[in-house]
Structure formats: C-alpha cells, structure tokens
Amino acid sequence: MSPGKVLQPVLKMKVDELFLCWLSQPATQMTLKDCLRRIKNEEKKEIGSGDSGNGKNERFTNKNSSSKQCIFGDTRLPLMSFSPPQVSNTLPLATPANPRNTSNVRATRGSSGNRVVQTKKEETLPPSLSQNIPTFYFPRGCPKEKVNIDAVIAKIERTFSEFPNERATLEDMGKVAKACECPLYWKGPLFYCAGGERTGYVSVHKFVAMWRKILQTCYDDAAKFVHLLMNPGCNYLVQEDFIPFLQDVVNSHPGLLFLKEASEFHSRYITTVIQRIFYTVNRSWSGKITCNELRKSNFLQNVALLEEEADINQLTDYFSYEHFYVIYCKFWELDTDHDLYIDRKDLARHNDHAISNRMIERIFSGAVTRGRKAQKDGKISYADFVWFLISEEDKKTPTSIEYWFRCMDLDGDGALSMYELEYFYEEQCQKLDNMAIEPLPFEDCLCQMLDLVKPQYEGKITLHDLKQCKLTNVFFDTFFNIEKYLDHEQKDQFSMLRDGEGESQEVSDWEKYAAEEYDILVAEEAASDQWNDGLIINIVLDAIFVKHCCLSCSALCSVLF
C-alpha cells in the first residue's frame, strides 16, 4: 500500500458537499419540479384515457414512452448531455405486429404530447416559488442577524487609542482580542494576521481593515480561527500554521513559565501539541484541518480554557505538559542516537518487545505515517511516534481504531479478512510457545473475537464493526500485543465488559497511562537526584577524612622528628 494512496482525504465528504450545493440551486429545483409534474400528469391521463379493448396496450405504451422520455430526456439532459435520438434508440419498447396498433400508438403519443403542453401552461407556477428553499450550506458559518460591525470596530478603535501612536505590540494584543470578543489566546493569530510579525506592531487602520473583512465573511469562531491562521489562498490549516500560535502560548501562559528559559524544548512541546491536535481534529486523515472539522471538535473550547486555567496540565486533551513529558521521555529511551528518528529495532524495544514484529513492519510500511523521506530511510519521526504511543495506550478512540485498522488491513480493501487475522495471530502463538504457554488455537480465538465484535457481514470485520464494539482494545491486543493480551486473559470477563460499557467515564485510558507514567518518571528522577546528592556527600566526607588523616600524620611526624 503506497503512502500517498492511503493518506488521501475521504472524497465522500466532498462529493456530498457538491451534491448539496447542486441540489440547492434554483435551476435544479425547477428541473425536479417540472419532472415530477410531468410524471404526475401522465398518471392522471392514464386513469382518464381509453375505453376500447385496445386502450390498455395504448396506455401502457404511452406511459412507458412519455415517462421515460421525461426521465431520460429532461432530467439527465442538462447533466449528461444526452441527445434525444440516443434516448429514443435505447428505450426498450416492443414493436407491434399490427400496423393499425402502431398508428394508434403514434396517434396516442402525439395527442398526449399536446395535452402535456396544455396542462403545463395551465399549472405554470410563478418563478418566486422555486426560490423558497432556504440556504442550508454555510461553509463559513451561519450568518447572524444581529451583528453590529460598526459598534465592534468602534470598540477596537477605542482600545487602540490607549496605545502609543495607536499601535499595538504582541503584549498589547490581549486587550485587542477582548475588544474583538475573542478568547485571550487568539491574540497571537490576530497579531500575525494583521502583519505584526514584519513590523513588530499593528496599526489601528490595518487591524480594523483586517477584522472588518473577517466579520463580513466569517460568521462563527471556527471560520474566523481558520482565516487567522491559514496561508493566503487556502481554506484549511496545515501543521505549520499552528506554530506561531503555540509559540505565543509557550511564551505567555503562566503554566509554562518554567519552560520559557529552556528554548531547546519549545519545538518538542509544540510538535507534540500539533500532533495531538491533528490526531483528534483531523478526522479525514488528510493533513488539512477544515472549518467543518474544527467546528465539530472541542479544540476551540480548549483554547478558551487556556485563559481560565492557570495549570496547563489540567487541559489534558491537547496542552498538558505532563503528557508531553511522558511522550518525549518514552521516545528518548528508544532514540539511542538522539536524532529524533527511530528505526524498526528501536521501536521493537518499546514496552519490552510487547509489539509484534509483523505489526512494526506495518507501521513502517507507510500505512499510518506521512514522512516519505523517513520512510525511505526506514525510520519514523518523533511526530509519528506521538500517534503511535497514544494509539497504543488507548485503543478505544475513533482515531486509534482507524490507526490499527489501517495497519491490520494488509490488502487495503476496507475489511479484515480471516487470513489477515491469522497472519498476525501466528506470531502471537510463537511468542506464547517461547514463554512455555500453550496458545489458543486460531479457530477458537477467531470464534471469541467474532463473538466480541459481532460483525455485520460474515467472514470479514469492517471499520464500522470495530467502532461499534465496546472492547476494541481486547480485539487489537489479541493480535499484536502479547503483554496486554496476557493481562486481558487474566482478568474476569464480566469486569472487562463492565469497563467497556462505562461510556461516561471521565478519564480515558490514555490519561490513566500518562498519569501513572508521569508519577513513575518523577519518582525515578527524584531517586536519581537523591543518589547523586548522596554520592556527592560521600565524596566530600571522604575528602575531609583524607585531609584530616594527612594533618594528623604531619603532626605526628613533627613530634617524632
């Protein structure tokens, strides 16, 4: 499976979007109404026409010819550019053997055509009725009726009047953001979008022109945020667009003041947050966050919480420093040469070789990674490791289910076959044999997994089936994580079901893992510091003892000699 192919965006969303746009056009509405009206008139005409014995055949022929002419000739003509002769040639009408019947059919067809025209003239609707369907597609948000743009601009101008020469620096943009009725940490995007990065300040005229344009074209927070961060000519956000915004968060949030001096870790923290944003928000796996994806996520709510929450670690969805610390330490343990890239052997050492080699091969195959240069060299980057670790420790989220489904779907047909399940289970059996544990036969294991997932179609497991399952972590661990598989085997089945049905649990599996690992890392760091302090004390004591012995020897020698 080539990397470029598997990471293409889901086209169905775009097709649905274009279909809805086409359906909402007035010309389309008029065409559909005209088609339905013609079909309805033909049914009425069928009921009131023909009393002779041959009328039944005439009505049947008339109905087929007229309705098919309406459907193929009128409905598809503007879309497919079909010509009338081609349509008439493809109609499946039987040729009557009786010439008199043929003439009757032709007469009926001609007369019915006249009646259709007459009926259409009588029931012609005014053009205004075709425009009654309200607009329902708002890519930049639904326009608000009561928005006084001039009042907002006046408030902004009063705020700028407080600054020297009516120019605002990045430190002043917090007040400007409040005047714009935006969250505090929109100040960075507002500053950079108005051109403040080039001059170091933003003038009132330039900012007002920029914000007025946004208010006139963007009608909700998602559209405004995308407009502030995106590159000119784009309507989406890529990973690089978040860097200035997150750098401002690092520089100004009170919960990250300790990180301000350690500039070498700024890029690591920002990379981690960006990957977590795309992991959660970019549901299409396209590498481009659209307004619709941002609107459906909780990211902007978390950005607003940055102002209210002084402890950055409480924002566990994206910004937690403790989570970054855990991820980076885990990667640092595997990255022996510290070049921020790891190969297959490095990743195999994760969690004491718990992940099967066949699954590691799939991870490096490009099924779930984006860096083509790293793939060519047989390595994955730190950004890819962020996705791997979160997916490994929490296999119940939609993104993690898609992550492991992509890895297990060897042929890329959108379903897991029994062959693919057996392929991964074989290595699990080999590991169990090496541990002197008798493995469960594949047939029995397969029955258990099918009972667990309850697939909709026999003989294959789809992504939809796994997303409906409450115990996807048990399913995936059975096929490529030997340590967690053994843990599941030792647990009570009813307790696992009870844990899986706990939909309202406030703490996710990832948050539990990150909290436990952070406590372990802090304890190890404290023990290491204590050991180092003790070592230093011992060295000092030894030095004092040696010095004391030397002085004693010198005094003794002076007495004797």
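The values are calculated or read from the model by the stated rules, or taken from the named source; none is laboratory data. Small disclaimer: the values here were computed from a predicted structure and weren't measured. Note: ideal-geometry Cβ built from the backbone for every residue, glycine included; neighbour counts use all protein chains shown. Note: accessible area is taken over every heavy atom of the protein model, side chains too, but ligands, DNA and RNA are not part of it. Shrake-Rupley method; radii C 1.70, N 1.55, O 1.52, S 1.80 Å.
Rundown of residues vs (1) open to solvent by less than 70 Å² (accessible area, probe 1.4 Å); (2) over 30 Å from Leu20 (Cβ atoms); (3) without any contact (Cβ under 8 Å) to a residue 40 or more places away in the chain, yes/no style:
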| residue | (1), (2), (3) |
| --- | --- |
| Thr135 | no, no, no |
| Ala151 | yes, yes, yes |
| Ala154 | yes, yes, yes |
| Ala168 | yes, yes, yes |
| Lys178 | no, yes, yes |
| Pro183 | yes, yes, no |
| Lys187 | yes, yes, no |
| Arg198 | no, yes, yes |
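In the set (1) modelled with pLDDT of 95 or more; (2) open to solvent by less than 30 Å² (accessible area, probe 1.4 Å), Gly366 fails one condition alone, (1). Within the range 279-289, at least one residue is free of Cβ contacts under 8 Å to residues at least 60 places away in the same chain and farther than 27 Å from Asp172 by Cα.
When you check Ile536 against the structure, is it within 23 Å of Glu426 (Cβ to Cβ) and either at pLDDT 90 or above or not acidic (Asp, Glu) (or both), yes or no? Spelling it out, it is not the case that Ile536 is within 23 Å of Glu426 (Cβ to Cβ) and either at pLDDT 90 or above or not acidic (Asp, Glu) (or both).
Residues that are more than 27 Å from Gly188 (Cβ to Cβ), surrounded by fewer than 19 Cβ atoms within 10 Å (Cβ to Cβ) and not acidic (Asp, Glu): does the range 298-310 have at least one? Looking through the range 298-310, none of the residues is more than 27 Å from Gly188 (Cβ to Cβ), surrounded by fewer than 19 Cβ atoms within 10 Å (Cβ to Cβ) and not acidic (Asp, Glu).
To keep it simple, each residue is scored yes or no on (1) of a type in the set (D, E, K, R); (2) under 29 Å from Thr399 (Cβ atoms).
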| residue | (1), (2) |
| --- | --- |
| Ser203 | no, no |
| Leu215 | no, no |
| Tyr236 | no, yes |
| Asp241 | yes, yes |
| Asn292 | no, yes |
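For first residues located in the range 252-263 and under 8 Å from Ile312 (Cβ atoms), partners that are of a type in the set (Phe, Trp, Tyr) and buried (at least 16 other Cβ atoms within 10 Å of the Cβ) and lie 6+ apart or on another chain with Cβ distances below 7 Å form the pairs Leu256/Tyr321. Can you spot a residue in the range 408-422 that is in a helix (DSSP H, G or I), at pLDDT 95 or above and open to solvent by 50 Å² or more (accessible area, probe 1.4 Å)? Scanning the range 408-422 turns up at least one residue that is in a helix (DSSP H, G or I), at pLDDT 95 or above and open to solvent by 50 Å² or more (accessible area, probe 1.4 Å). Does Leu432 meet the test of being part of a loop (DSSP other than H, G, I, E, B) and over 34 Å from the mean Cα position of the chain (by Cα)? Considered against the rule, which asks whether it is part of a loop (DSSP other than H, G, I, E, B) and over 34 Å from the mean Cα position of the chain (by Cα), Leu432 comes out as no. Any chance the range 458-465 includes a residue that's touching a Phe, Trp or Tyr at 6+ places or on another chain (Cβ under 7 Å) and of a type outside the set (A, V, I, L, M, F, W, C)? No, every residue in the range 458-465 fails to be touching a Phe, Trp or Tyr at 6+ places or on another chain (Cβ under 7 Å) and of a type outside the set (A, V, I, L, M, F, W, C). When Val250 is tested against (1) under 30 Å from Phe138 (Cβ atoms); (2) open to solvent by less than 40 Å² (accessible area, probe 1.4 Å), only condition (1) is not met. Taking residues in the range 339-365 that are within 19 Å of Arg406 (Cβ to Cβ) and basic (Lys, Arg), and partners anywhere that are assigned to a helix (DSSP H, G or I) and open to solvent by less than 50 Å² (accessible area, probe 1.4 Å), the pairs with Cβ atoms closer than 7 Å and at least 6 places apart or on different chains are Arg344/Ile360; Arg358/Phe424; Arg358/Glu427; Arg362/Cys407. Taking the criterion of being free of Cβ contacts under 8 Å to residues at least 60 places away in the same chain and surrounded by fewer than 18 Cβ atoms within 10 Å (Cβ to Cβ), the residues of the range 318-334 that qualify are Trp332, Glu333, Leu334.
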